[in-house]
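Participant: I'd like to ask you about the structure that follows.
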Amino acid sequence: MTETEHPTSPETPPEEAPIEPAASSEPPAPPAPPAPPEPPVPPTPPTPAPAEPVEAAPTPTEPPAEPIEAAAVTPEPPAEPVKAAAVTPAAEVEAPAAEAKAPAAKPPPLPRPKPRSGRVPPDGHWWWGTGRRKAAVARVRVRPGTGRFVVNKKPYEQFFTGERDQNDLMNVLHKTSTAGTLDVFVNVTGGGFTGQAGAIVLGLARALRRYDESLEPILRDNNFLTRDPRQVERKKYGQPGARKRFQFSKR
């Protein structure tokens, strides 16, 4: 091999030209926004140096305690035996308490005064009723009997001569179906015949209600137990009566 000849080198392939990308019809993408700045990192505080260990102060040693000698113990005298108290029976204890709690005995009722002779019969079977009308007051007593009707110690036909007053009295007995089975005794004072008859009707109705409570509905329906409140009207000054006037004259 001559000097002018050079050693053959392997053949290298020819370099290819870079391929340019084909132009696209799409518009280029907008540039990306810049990244936000990173926040500043706070400085790290310096680490304190480790504290030096503190040596404990030496504890003073106490001298050993001296042994305590036991004091002489004086023996106590034996206690006296306690005597048991005498037990009182419960019955004896409760007896005074029961006597204290028991109410005092009621005094005996006073003897009732004896009625005057002739007013109340020995058996005492009377039923009373008091009636009032205008200025009249009637005290009526009834009891089982034969049908007597006495007003101020007179038969009612003699005391009340008016037929209206007689019918008013007997109407109470007829409505209650007690005519002829009861004796009626009346003491009436004050007022006139009309007022006395109304007072007897009310007193008789009240006495019959006490005699038999089942008669009350009949007495109520017929207004026998209703007190008549009507009174005489007072006279007025400047006129002769309650309503009457003097004759008026112009001249």
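Participant: Computed on alpha carbon atoms, what radius of gyration and Dmax characterise region 132-251, expressed in Å?
Facilitator: 18.2, 70
Participant: Residues in region 213-251, backbone N under 18 Å from the label point at THR130 (7 Å along the Cα-to-beta-carbon vector): list them, ranges by number please.
Facilitator: Zone members listed by number: 225-229.
Participant: With unit charges on the beta carbons (Lys and Arg positive, Asp and Glu negative) and the dipole taken about the Cα centre of region 163-213, which residue among ASN167, LEU202, VAL188 sits farthest to the positive side?
Facilitator: LEU202
Participant: Convex hull volume of the Cα atoms in region 191-251, per residue, in Å³?
Facilitator: 103 Å³
Participant: Let me ask something additional. How many nm separate the modelled label positions at GLN166 and ALA179, each set 7 Å beyond the Cα in the direction of the Cβ?
Facilitator: Distance between the two pseudo-spin positions: 1.2 nm.
Participant: Also: For a quick check: with amide H placed at 1.01 Å from N, whose amide H comes under 5 Å from VAL184's, ignoring anything fewer than 5 positions away on the same chain?
Facilitator: ARG148, PHE149, VAL150
Participant: Heavy-atom accessible area of ASP165 with all protein chains present, probe 1.4 Å, nearest 10 Å²?
Facilitator: ASP165 exposes around 10 Å² with every protein chain in place.
Participant: Charges at C-beta only: +1 for Lys and Arg, -1 for Asp and Glu. How large is the resulting dipole of region 153-251 about its Cα centre, in Debye rounded to 20?
Facilitator: Charge dipole of region 153-251: 1220 debye, to the nearest 20.
Participant: Now for a different question. How charged is the neighbourhood of LEU208? Take every other residue with its Cβ under 14 Å from the Cβ of LEU208, and add Lys/Arg as +1 and Asp/Glu as -1.
Facilitator: Result for the neighbourhood of LEU208: +2.
The values are calculated or read from the model by the stated rules, or taken from the named source; none is laboratory data. Fair warning: this is a prediction, and the values are worked out from it, not measured in the lab. Positions of Cβ are backbone-derived with ideal geometry, glycine not excepted, and every protein chain shown enters the neighbour counts. The accessibility values were calculated without ligands, DNA or RNA, using every heavy atom of the protein model including side chains. Shrake-Rupley method; radii C 1.70, N 1.55, O 1.52, S 1.80 Å.
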